[in-house]
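To start, the structure under review is shown below, and the notes come after it.
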Amino acid sequence: MKKKHNLLHSEGTSSFFSAIMAIAVGLLFGLVILLISNYKYAFPALITIIKGGFTDGTTGMGQVLYMATPMILTGLSVGFAFKTGLFNIGASGQFTSGAFVAVYIGIKWTFLPPSIHWIVALLGAILAGALWGMVPGILKALANVNEVIASIMMNYIGIYLVNMLIVKTIYDPLKNQTLPIAKSAVIPRGGLDKMFGVNNMNIGIFIAIVVVVIIYIILNKTTFGYELKACGLSPDASKYAGINDKRNIILSMVIAGALAGLGGGLLYLSGSGKYMQVLDILAPEGFNGISVALLGMSNPIGILFAGLFIAHIKVGGYNIQLFNYSTEIIDIIIAVIIYCGAFALMFKNLIYKLTRRNKMEKEEER
Amino acid sequence: MENVIEMNHITKEFGDFKALDDVTFKVRKGEVHALLGENGAGKSTLMSVLFGLYQAEKGEIKINGNVVKINNPNDANALNIGMVHQHFKLVHNFTVLESIVLGRETTKNGFLKMDGARKKIMDLSNRYNLKIDPDAYIADITVGMQQRVEILKMLYSDNNMLIFDEPTAVLTPQEIEELMKIMKHLVSEGKSIIFISHKLNEIKEVADRCSVLRKGKYIGTVDVATTTKEEMSEMMVGRKVNFHLEKKEIEPGDTVLEVKNLTMKSKLSKKDVVNNVSFKARKGEILCVAGIDGNGQSELVYGITGLMPIHSGQIILNGEDITKKSIRKRSIAGMSHVPEDRHKHGLILDYNLQQNAVLQTYFEPRFQNHGFIKFGAVRKYAQKLIGQYDIRSGHGEDSIVRDMSGGNQQKVIVARELDRNPEIVVAVQPTRGLDVGATEYIHKQLIAQRDAGKAVLLVSLELDEVMDVSDRIVVMYEGEIVADLNPNEITVQELGLYMAGSKRSVNNEKEA
């Protein structure tokens, strides 16, 4: 009896329940939209969405894992910065700059031994992302420039600079995109492509999971994580405790940028058919990262599952085209989920109150 | 005598917690009725129920014999109940006159018509001897006058049941005396006053009867004239309290902390908030910085501990110049700091007790190994502090500090800061908002530090604390040190004069 209460009251469980509630509300809203646009197929379509990646057996699941990988990393990027009290809205720019450097190395640095080519390309992506995150970090730490503004600006600088550099260096004018990367720069598939029947599938998802674990350890087991979270929870008390907040702000943004950059590298080093397009659009993966981080409550493990879930219903979104619905409905559903996720605290308190009322009623009965 | 206020069997719950448990409270016409209790005893909650800020789950309120329902402060006002809050609720860029009529403005064709209001206010002011300047801005007048403005506000709306929530906390002794006179005058005119306090001297002086609350329960009502302070405090705390701190005589030793010609500028006004301050704190000595709030004490401490940059001067700790050292380096060099604002600086409220217990020491080898926290060691250390300092909380070392009571939060800070074995303890208002028991405990701990040959720099606004605990007092007024006193040789009244700036014994040029 007592154990059950502890379970209900524990932080993780109530976070989980509030996320589930947010998802339920989002799906309900999606159903309304489906009903409005074409009521005939609304229910089968909703079921397709919920089934998501499970519709096409292993192929669908492979697709989910492949799509989830960059989102998990941008989600970690946003979530990690958030734990330090920073809102990294610049995951998009960090993602793009990481992707560009990875692709550039993948195309040009063919002098590298094939066995380490893709690793160097990924490291390049990490460095580029880190650099892109460092700029707002330094501005925030030294001049107290709001990191939201600075990182939004870095998004635009990132996208236009990368477009320019692509055109100057690794451009395929016929297709308005980057040249194909060398075979040795493609991330090893580890047989996953055959196992799931998805061409692009590679070990990226494992890299993402390893990074999730590393970030979890940094945040929860190290003095560095203790300092970062302290800065996030109470900048004044951290200062009082002699924690170097400026250093931590910069480091936190560097790590956040590195994570997003790695996400960019992982996506664009998957080979077959994945090219960087020269478009004036901010990488949506960066903003998906915000959704993932919010849904995962900035907890690394939560972000892992949130990334998988969002990829899952996105795959479902592609599948509802069968019923002549547009895939954008999924974006609406995700948006509603995020809105509700923002109310997560409210849901959390609601659950807390409900469980407590139950407990009190039981006590009164006794 | 008739009861103007009757609160019968009031119960108020916040979740699981019973803030008030079947409390009955009756106030007669024309009396000062003190409401006594420790922090968290439910005094403020009871008054909030009376004032309509909270609704009680059970019980009834009778005003002048009629059962009433008070849903919000407007209802309370309509019943002629007024309240002076602990923290005044005044608009700083309004004049005194504007502040008093706020909410009850007299208008003509939509335009303000203040003449009548001004006359009424001046009449009231003269009648009760509340010296105010109706055209002064709130921001420019003293705290004492702000309080008189609050009182006038109640009188202006014809309130005859007046609640004073810890009104003396922010006043100098002279202002307190004046307030007592005003209160006596008010009751002689037939008003009834509820006086919330935990200062027994003041209750003894001004109150007719006294009701005591303890942990949300009603303990009893006594006639103040026939009850001793000791008896009242026993009712309040539930056990005997030692008013006199045991302190053995110690000859102060070498200088630990020396502050030389410290000057600090305010961020906003470029005014010298700390002006050429010099003093020495020695081993085995509790040096107290006394003064009315806002005379530069907070900034002085920020300068010493490194939280705020200084303009000029020197800070020397055990012969080492730490003027330019970081907060961390000062801390390692042996400076402990019990900060003024425990929520802002002292604790990370969303961290648990263990994490807060190592806030200043988590980087030491005993708590980490290659950057990995030794969770076992941290837990053991927190358990040790909990046992040693009697820190009480719901889930022991796993309690989130935000959920703990103020007194226990303060104990966490004091435990952490004293257990580091510091050379000097800089403690700013370490007992603010704490009840008698916790205050007594923290005073004992500070004295123990002194007895162990450490230096203690105590900044306090509480005169009793200043007089009882310290070995030497320096008084700050408008950023300067105006007196260097021995507590055994002066009276509270004299100290008050120094604090109010009407007397000084130290020239700025001379080293204090």
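The values are calculated or read from the model by the stated rules, or taken from the named source; none is laboratory data. It should be emphasised that the depicted structure is a prediction, and the values quoted were computed from it without experimental measurement. We place every Cβ from the backbone using ideal geometry, glycine too, and count neighbours over all the protein chains shown.
Residues in region A:238-255 that are closer than 23 Å to B:Lys374 by Cβ, away from every other protein chain (no Cβ under 11 Å) and touching a helix residue (DSSP H, G or I) at 6+ places or on another chain (Cβ under 6 Å): A:Asn248 alone.
Considering region A:167-190 alone, what residues qualify as being within 25 Å of the chain's Cα centre (by Cα) and farther than 19 Å from A:Pro284 by Cα?
A:Ile181, A:Ala185, A:Val186, A:Ile187, A:Pro188, A:Arg189, A:Gly190
The residue that is surrounded by the most Cβ atoms within 10 Å (Cβ to Cβ), among those in region A:189-237 that are within 14 Å of chain B (Cβ to nearest Cβ) and closer than 27 Å to A:Ala102 by Cβ, is A:Leu228. Checking each residue in region A:144-188 for being among the polar types (S, T, N, Q) and crowded, with 16+ Cβ neighbours inside 10 Å picks out A:Ser151, A:Asn155, A:Asn163, A:Gln177, A:Thr178, A:Ser184.
Can you confirm whether region B:231-246 contains a residue that is part of a loop (DSSP other than H, G, I, E, B), closer than 30 Å to B:Asn64 by Cβ and not aliphatic (A, V, I, L, M)? For region B:231-246, residues part of a loop (DSSP other than H, G, I, E, B), closer than 30 Å to B:Asn64 by Cβ and not aliphatic (A, V, I, L, M): absent.
Please verify whether region B:204-213 includes one or more residues that are in contact with a Gly (Cβ under 7 Å, 6 or more places away or on another chain) and touching a residue at least 12 places away in the same chain (Cβ under 8 Å). Explain how you work it out, then say what you get.
So the first thing to find is which residues in region B:204-213 are in contact with a Gly (Cβ under 7 Å, 6 or more places away or on another chain), and the list is B:212-213.
Pick out the ones that are also touching a residue at least 12 places away in the same chain (Cβ under 8 Å) and you get B:212-213.
Yes, there is a match, as at least one residue in region B:204-213 is in contact with a Gly (Cβ under 7 Å, 6 or more places away or on another chain) and touching a residue at least 12 places away in the same chain (Cβ under 8 Å).
Regarding region B:289-297, can at least one residue be identified that is assigned by TED's automatic domain parsing to the domain that holds B:Asp451 and assigned to a helix (DSSP H, G or I)? The answer is yes; a qualifying residue exists. Condition test on B:Asn275, is it more than 29 Å from the chain's Cα centre (by Cα), surrounded by fewer than 22 Cβ atoms within 10 Å (Cβ to Cβ) and at pLDDT 85 or above? Against the criterion (more than 29 Å from the chain's Cα centre (by Cα), surrounded by fewer than 22 Cβ atoms within 10 Å (Cβ to Cβ) and at pLDDT 85 or above), B:Asn275 does not qualify.
With respect to B:Gly253, is the statement that it is in contact (Cβ under 8 Å) with a residue 60 or more places away in the chain, crowded, with 18+ Cβ neighbours inside 10 Å and assigned by TED's automatic domain parsing to the domain that holds B:Gly437 true? No.
Residues that are surrounded by 12 or more Cβ atoms within 10 Å (Cβ to Cβ) and touching a residue at least 60 places away in the same chain (Cβ under 8 Å) do occur in region B:90-113. Screening region B:1-119 for strands (runs of 3 or more DSSP E) wholly inside it with 1 or more residues that are over 30 Å from B:Ile141 (Cβ atoms), within 14 Å of chain A (Cβ to nearest Cβ) and not β-branched (Val, Ile, Thr) returns the ranges B:3-14, B:17-28. Just one of the listed residues (B:Ser211, B:Ser125, B:Ser192) is among the hydroxyl-bearing types (Ser, Thr, Tyr), in contact with a helix residue (DSSP H, G or I) (Cβ under 8 Å, 6 or more places away or on another chain) and crowded, with 17+ Cβ neighbours inside 10 Å, namely B:Ser125. The criterion of being modelled with pLDDT of 95 or more and assigned to a helix (DSSP H, G or I) does not hold for B:Arg450. Quick check on region B:33-54. Is at least one of its residues of a type in the set (Lys, Arg) and surrounded by fewer than 18 Cβ atoms within 10 Å (Cβ to Cβ)? No, every residue in region B:33-54 fails to be of a type in the set (Lys, Arg) and surrounded by fewer than 18 Cβ atoms within 10 Å (Cβ to Cβ).
Take the conditions polar (S, T, N, Q) and at pLDDT below 90 and apply them to B:Ser502. Does it pass?
Details: polar (S, T, N, Q): yes; at pLDDT below 90: yes.
Yes; evaluated as a whole, the condition is true for this residue.
Scanning region B:57-76 for residues that are surrounded by 13 or more Cβ atoms within 10 Å (Cβ to Cβ) and under 29 Å from B:Leu102 (Cα atoms) yields B:Ile61, B:Lys62, B:Ile63, B:Asn64, B:Val68, B:Ile70, B:Pro73, B:Asp75, B:Ala76. Inside region B:317-328, residues that are among the hydrophobic types (A, V, I, L, M, F, W, C) and within 30 Å of the chain's Cα centre (by Cα) make up a count of 2.
Residues in region B:1-34 that are under 21 Å from B:Glu189 (Cα atoms) and in contact with a helix residue (DSSP H, G or I) (Cβ under 8 Å, 6 or more places away or on another chain): B:Ile5, B:Gly30, B:Glu31, B:Val32, B:Ala34. Residue pairs whose Cβ atoms lie under 7 Å apart, separated by 6 or more positions or on different chains, with the first residue in region B:2-18 and touching a residue at least 12 places away in the same chain (Cβ under 8 Å) and the second among the aromatic types (Phe, Trp, Tyr), are B:Met7/B:Phe25; B:Lys12/B:Tyr54.
Among helices (runs of 4 or more DSSP H) entirely within region A:137-239, having at least 2 residues that are at positive phi and in contact with an Asp or Glu (Cβ under 6 Å, 6 or more places away or on another chain) singles out no element at all.
Rundown of residues vs (1) over 19 Å from A:Leu35 (Cβ atoms); (2) not in a helix (DSSP H, G or I), yes/no style:
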| site | (1), (2) |
| --- | --- |
| A:Gly264 | yes, no |
| A:Ile281 | yes, yes |
| A:Asn288 | yes, no |
| A:Ile303 | yes, no |
| A:Ile333 | no, no |
